[in-house]
Structure formats: C-alpha cells, structure tokens
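Q: Mind looking over this structure? Questions follow.
The values are calculated or read from the model by the stated rules, or taken from the named source; none is laboratory data. Because the structure is predicted, anything quoted here is derived from the model rather than measured. Cβ atoms come from the backbone with ideal geometry, glycine included; neighbour counts cover every protein chain shown.
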Amino acid sequence: MASRKGNPVHGWVILDKPEGISSSRAVGIVRKVFSAAKAGHGGTLDPLATGVLPIALGEATKTVSFAMQGSKSYAFTIAFGAQTQTDDREGEVVFESDARPTRALIEAVLPRFTGDISQRPPIFSAIKLDGTRAYDIARKAIADGEPDLPELDARPVRIDSLELDEVPESDMTDDLAGYNAASFIVTCGKGTYIRSLARDIALAVGSAGHVSRLRRLSVGPFSHIDAISLDFLEGVKHSAAAFEHLKPVTSALDDIPAVPVSAEEAAKLRHGQTLPALGPSALARFSAVSTSGVGVALARSVPVALVTVQSGQLQPLRVFNL
C-alpha cells in the first residue's frame with residue numbers, strides 16, 4: 001500500500017490492468033493520476049495477466065479486505081505440451097509431453113476441479129515461508145544451481161464453476177484429435193491460483209501445460225464491465241474526468257449490512273465510543289450486524305465506521321475519516 005504526500009482522495013478505481021506491468025506499478029500510476037495521498041489494491045495480478053484490478057484510494061483502503069474476500073472470475077488459456085517453473089509462459093520448461101487432450105477428455109476431468117479442492121500453490125508466488133516470499137526461495141534455488149525447486153504444501157480452495165470455452169481450430173492438432181491449447185472460464189474463492197489450476201488440469205488429462213493467457217473478469221462486486229484502461233486514466237490525469245470514474249468508499253461493502261446512525265451517534269463512533277442497544281428499536285437496528293458479524297454505520301449515506309456488535313453494544317472496528 002502506497003502512502004505519500006498528496007490529496008485526501010477517497011474511493012475505488014476499477015482498473016483494467018494491461019499486460020506487462022506489476023500491480024504495484026499500476027497502483028502507483030493511478031495514485032499519481034488522482035494525486036492521492038494513499039493507495040492500495042484488492043488482489044495482486046501477475047505482470048502477464050490483464051483485467052480487473054480494484055484500486056483503493058484514501059479511506060477506501062480500509063475496505064480492501066472485503067473486496068479480497070469475495071469470489072473472483074477469470075478467463076484463462078492452457079497451452080498443452082510443456083510445464084514451466086512458474087506455471088505460466090514466462091518460466092523455464094521443466095517437463096514436456098507429446099500428448100494432446102480431446103474435448104471429451106478435458107470435459108471429463110473438470111468435475112475433479114470444482115467444489116472444495118486441495119491445491120498446491122506455485123513456488124513462484126508471494127506466499128511466505130518462515131518470513132520469506134516463496135518466489136525469493138525459488139530464485140535462490142535456481143541461482144544456487146539446485147536441480148529441483150522446493151514445493152509448497154497443498155491448501156484447500158474453492159472452485160465455484162469451471163467451464164471449457166470454445167476452442168478455435170488454430171489450437172487443434174492437425175488431425176483435430178486433440179487440443180494444443182484450450183480456454184476456460186472459472187469462478188473461484190480467495191487464495192485460488194489459476195496457474196496451479198492450469199498445471200493440474202494438464203496433468204489430469206495426461207499431458208503437461210501452463211497458463212499462456214490470463215484475464216481477471218471480476219473481483220467481489222467489481223466487474224470488467226466497469227473497468228477503465230490505464231491509457232484512458234493517464235489521458236485525463238488531474239482532471240475532473242478522472243473523478244467521474246471514482247467509485248464510493250462503500251463499493252466494496254455491498255455484502256455487509258448498513259446501519260443508519262444519527263449525527264450524535266456518528267460523533268461517538270468516530271471517537272471510538274460504543275452505542276448501547278437500548279430498547280427494541282436499537283436491537284432491531286443492530287440485528288443484521290449481529291448476524292453477519294460486521295456492518296457499516298452510515299450517517300446520511302456517509303460511511304462512519306466498520307462496526308460489530310459485542311455484549312449488546314455497537315462497537316467501531318475501523319473509523320472512516322470522511
């Protein structure tokens with residue numbers, strides 16, 4: 001998360017990240033476009049990936065975790081025939097196969113990769129092992145000339161849906177018996193690695209494979225339909241046109257209940273004080289928060305604080321300085 005001198009700009013920018021730049025670089029560019037003092041993003045995209053990168057400015061950074069908890073959807077392509085160190089097209093080839101799967105074979109294995117599954121993340125990832133990023137461990141192993149890279153432990157992830165997309169004839173083998181590449185649409189939960197999914201699908205069909213194309217279509221409530229290009233943003237830098245694409249701070253909070261509060265109650269919450277649930281009306285007002293665990297207190301549509309209910313009282317978790 002970047003925090004530097006700048007203006008108090010608050011809200012979300014839904015960026016259509018182009019290929020070839022890191023997520024942190026994209027955040028820096030958007031922060032500069034808005035001259036914002038603080039910026040962060042909701043879910044890293046690899047440099048080769050394109051698509052939805054939600055960028056939080058100012059007080060919206062306090063809602064990033066809610067955007068990241070939501071499901072994500074991707075369009076991706078598996079190139080069959082070679083597995084790489086990074087499980088994408090940027091890595092060195094570590095295993096090759098002449099086998100090419102048919103549509104029937106691919107469709108037959110997809111049910112194995114839906115629902116709650118166990119997945120081994122790629123070693124080239126930002127996961128920490130004893131305080132060290134996995135990709136740094138992998139790079140050191142390569143620099144030291146180790147023949148085999150370490151592997152990360154498998155972890156549970158959720159795949160809500162996985163479908164084979166249409167495959168052009170150019171991606172089929174000469175006899176049309178199998179595919180050199182195939183594209184998929186997936187909706188998944190937090191922590192799912194598409195590179196691992198592509199690797200495992202390729203192995204399941206008796207081949208080898210890696211991600212050759214990856215595009216994120218959605219993150220939680222944010223969709224590619226609403227995303228804007230980096231070229232457009234840089235073209236309207238420091239102008240009113242840029243702010244027309246700034247979404248409210250509460251955009252990431254669509255799935256949590258809103259609690260209306262008075263000006264007096266808002267002042268108490270902003271000072272870290274609790275609101276007692278006195279009487280049936282207060283109990284009814286706080287009940288949705290009691291059920292969900294977290295809510296957002298609003299004073300005339302202005303977010304005041306993220307709140308929870310403890311011992312019958314509405315307590316502020318994170319206060320918005322708006």
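Q: Sort out which residues of segment 1-36 are of a type in the set (A, V, I, L, M) and either assigned by TED's automatic domain parsing to the domain that holds PRO303 or modelled with pLDDT under 90 (or both), and write them in order of number.
A: Quick first cut of segment 1-36, residues of a type in the set (A, V, I, L, M) only: 1-2, 9, 13-15, 21, 26-27, 29-30, 33, 36.
Those that are of a type in the set (A, V, I, L, M) and either assigned by TED's automatic domain parsing to the domain that holds PRO303 or modelled with pLDDT under 90 (or both): MET1, ALA2.
Q: Touching a Lys or Arg at 6+ places or on another chain (Cβ under 9 Å) and in the same structural domain as SER161 (by TED's automatic domain parsing): is that true of ASP200 in this structure?
A: Spelling it out, ASP200 is indeed touching a Lys or Arg at 6+ places or on another chain (Cβ under 9 Å) and in the same structural domain as SER161 (by TED's automatic domain parsing).
Q: I want to confirm something. Restricting to segment 162-183 and keeping residues that are in contact with a strand residue (DSSP E or B) (Cβ under 6 Å, 6 or more places away or on another chain) and surrounded by fewer than 14 Cβ atoms within 10 Å (Cβ to Cβ), which single residue is modelled with the highest pLDDT?
A: Once the filter is applied, the top-ranked residue is GLU163.
Q: While we're looking at this one, here's another question. Which residue is surrounded by the fewest Cβ atoms within 10 Å (Cβ to Cβ), if the candidates are limited to segment 296-317 and must be within 28 Å of the chain's Cα centre (by Cα) and in contact (Cβ under 8 Å) with a residue 40 or more places away in the chain?
A: Of everything passing the filter in segment 296-317, LEU298 is surrounded by the fewest Cβ atoms within 10 Å (Cβ to Cβ).
Q: Related question: Among the residues of segment 114-134, write down those that are farther than 25 Å from PRO47 by Cβ and surrounded by 13 or more Cβ atoms within 10 Å (Cβ to Cβ).
A: THR114, ILE117
Q: So, one more: Please go through segment 115-142 and give me each residue that is in contact (Cβ under 8 Å) with a residue 24 or more places away in the chain and of a type in the set (Ser, Thr, Tyr), ordered by number.
A: Matches in segment 115-142: SER118, SER125.
Q: Let me spell it out: the conditions are (1) of a type outside the set (Val, Ile, Thr); (2) in the same structural domain as ALA202 (by TED's automatic domain parsing); (3) buried (at least 17 other Cβ atoms within 10 Å of the Cβ); (4) at pLDDT 95 or above, and PRO111 meets all of them except one. Which number is the exception?
A: (3)
Q: Exactly one of (1) in the same structural domain as ARG213 (by TED's automatic domain parsing); (2) under 26 Å from GLU19 (Cβ atoms) is unmet by ILE55. Its number?
A: (1)
Q: When only residues in segment 48-72 that are in contact with a helix residue (DSSP H, G or I) (Cβ under 7 Å, 6 or more places away or on another chain) and not hydrophobic (A, V, I, L, M, F, W, C) count, which is surrounded by the fewest Cβ atoms within 10 Å (Cβ to Cβ)?
A: GLU59
Q: Count, please, the residues in segment 23-74 that happen to be aliphatic (A, V, I, L, M) and assigned to a strand (DSSP E or B). Spell out how you get there, then give the answer.
A: First, the residues of segment 23-74 that are aliphatic (A, V, I, L, M): 26-27, 29-30, 33, 36-37, 39, 45, 48-49, 52-53, 55-57, 60, 64, 67-68.
Narrowing the set further to residues that are assigned to a strand (DSSP E or B) leaves 36, 39, 52-53, 55-57.
Looking only at that region, the number is 7.
Q: Does SER239 qualify as being of a type outside the set (Phe, Trp, Tyr) and assigned by TED's automatic domain parsing to the domain that holds PHE66?
A: yes
Q: Output the residue which, of all residues in segment 190-226 that are assigned to a loop (DSSP other than H, G, I, E, B) and at pLDDT 95 or above, is surrounded by the fewest Cβ atoms within 10 Å (Cβ to Cβ). Break it down stepwise before answering.
A: Going through segment 190-226, the residues assigned to a loop (DSSP other than H, G, I, E, B) turn out to be 190-193, 205-208, 220-221.
From what is left, the residues that are at pLDDT 95 or above are 205-208.
Working: VAL205: 24, GLY206: 13, SER207: 24, ALA208: 22.
Here the answer is GLY206.
Q: Another question, then. Can you say whether LEU275 is surrounded by 13 or more Cβ atoms within 10 Å (Cβ to Cβ) and either outside the structural domain of VAL13 (by TED's automatic domain parsing) or without any contact (Cβ under 8 Å) to a residue 60 or more places away in the chain (or both), as far as the supplied structure shows?
A: Values: surrounded by 13 or more Cβ atoms within 10 Å (Cβ to Cβ): yes; either outside the structural domain of VAL13 (by TED's automatic domain parsing) or without any contact (Cβ under 8 Å) to a residue 60 or more places away in the chain (or both): yes.
Against the criterion (surrounded by 13 or more Cβ atoms within 10 Å (Cβ to Cβ) and either outside the structural domain of VAL13 (by TED's automatic domain parsing) or without any contact (Cβ under 8 Å) to a residue 60 or more places away in the chain (or both)), LEU275 qualifies.
Q: To continue, here is another question. Inside segment 73-82, can you point out the residues that are buried (at least 19 other Cβ atoms within 10 Å of the Cβ), of a type in the set (Gly, Ala, Ser) and under 21 Å from ILE21 (Cβ atoms)?
A: Selection gives nothing.
Q: Is one or more of the residues making up segment 85-98 modelled with pLDDT of 95 or more and either in contact with a Pro (Cβ under 9 Å, 6 or more places away or on another chain) or aromatic (Phe, Trp, Tyr) (or both)?
A: no
Q: Turning to a different aspect of this structure: Just one of the numbered conditions (1) surrounded by fewer than 17 Cβ atoms within 10 Å (Cβ to Cβ); (2) assigned by TED's automatic domain parsing to the domain that holds ILE29 is not true of LEU233; which one?
A: Single failed check for LEU233: (1).
Q: Within segment 40-48, is even one residue of a type in the set (D, E, K, R), touching a residue at least 40 places away in the same chain (Cβ under 8 Å) and within 17 Å of ARG213 (Cα to Cα)?
A: The answer is yes; a qualifying residue exists.
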